[in-house]
Each structure stands twice: as structure tokens, then as C-alpha cells.
Amino acid sequence: MKHRVVLCYGDGEHVPVLAAIGHNLKEKNVFLCDSKKIVNGEEYFVVCSKTPEDSEQKDMKLLITYSKAGFVRGFLYIDEKEYPVLDYNVYESLQIEKYCYGNIAVVRVPDEFEKGNHIL
């Protein structure tokens, strides 16, 4: 399945509480990903989302663990570094700068990600 993921980090960006108010997310941090379920247990499952190999975007891999109650934990891998996912939400529709995206996940990573000088 293909869907979009937007990274959220730094003091100025927020995981939206209301889908269009004050999140300050950036288009440059939106990735088109291929996703598939890689573990399917009775109590939990794990989804791996990553940028396609032929993509012009930076290599990014995201592992998210869900339980029946929802998001449990996750890890982002980019530039050969691992970052914990602090928050994860999926939206049916979300306005980011001048575009509106459907079925998009917002992934909050630690503010240190910004200090890593990642060029996305």
C-alpha cells in the first residue's frame, strides 16, 4: 500500500489536535512510502513504511507497532540513525502548506532530529 508520511520535529511543529489548526507542518518533510504489515501477532502487529528504492527522496524507513488499542511504539531510520517515534497519528485529510493530503500519517520525532542537519 502507498501512503504519505510527514515528519514533525522542532518547537514550531506539532501533531495536529484539530486537522487544520496551528500544526505548522512542512511540505519538505512529506514522504511517499510503500507500507506493508511485517508482523501479525495475536496481541500486536508491526507495519514497515519506507521510501521506494527508485525514489528521489531520501531513504527513510519507519517501523510502527500497534496493539488493539492503537499506536504502541515506533522507530524512524534515516541517514543510518535511529530515532524513537514519540507520537503517531493518521488523518483522512490534512492540509500542509498549499496541499491537502489524504490518508497521511504524522510522525513526531525528537527535536534532536532537527539538530542533525538532515536535508530532506
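Details
- Counted by neighbouring Cβ atoms within 10 Å, the residues H14, H23 run from fewest to most as H14, H23.
- Extending 7 Å from the Cα toward the beta-carbon at both V39 and Y77 defines two label points whose distance is 1.4 nm.
- Lys, Arg +1 and Asp, Glu -1 on Cβ, resulting dipole of the chain about Cα centre, debye, nearest 20: 280
- Scalar couplings 3J(HN,Hα) for segment 61-70, obtained by applying the Karplus form with A = 6.51, B = -1.76, C = 1.60 to θ = phi - 60°, are 9, 10, 10, 10, 9, 10, 10, 4, 7, x Hz; x denotes Gly and Pro.
- Column: log10 I(q)/I(0), Debye, Cα scatterers of the chain, q = 0.11, 0.13, 0.20 Å⁻¹: -0.34, -0.48, -1.19
- In Hz, Karplus ³J(HN,Hα) per residue of segment 40-53 (6.51, -1.76, 1.60; θ = phi - 60°; x = Gly, Pro): 9, x, 6, 9, 7, 9, 10, 10, 10, 10, 8, 6, x, 4
- Percent RCO, i.e. relative contact order, over segment 2-114, from Cα pairs under 8 Å lying at least 6 residues apart: 28
- Distance in nm between pseudo-label sites at E97 and C48 (7 Å out along the Cβ direction from Cα): 3.0
- Here the dipole of segment 16-87 is about 240 debye; that uses its Cα centre as origin and unit charges on the Cβ of Lys and Arg (positive) and Asp and Glu (negative).
The numbers here are math on the coordinates, done by the rules we state, and not lab data. Predicted model, so just to flag it, every value in this text is computed and none were measured. Note that we place each Cβ from the backbone using ideal geometry, even for glycine, and neighbour counts take in every protein chain shown.
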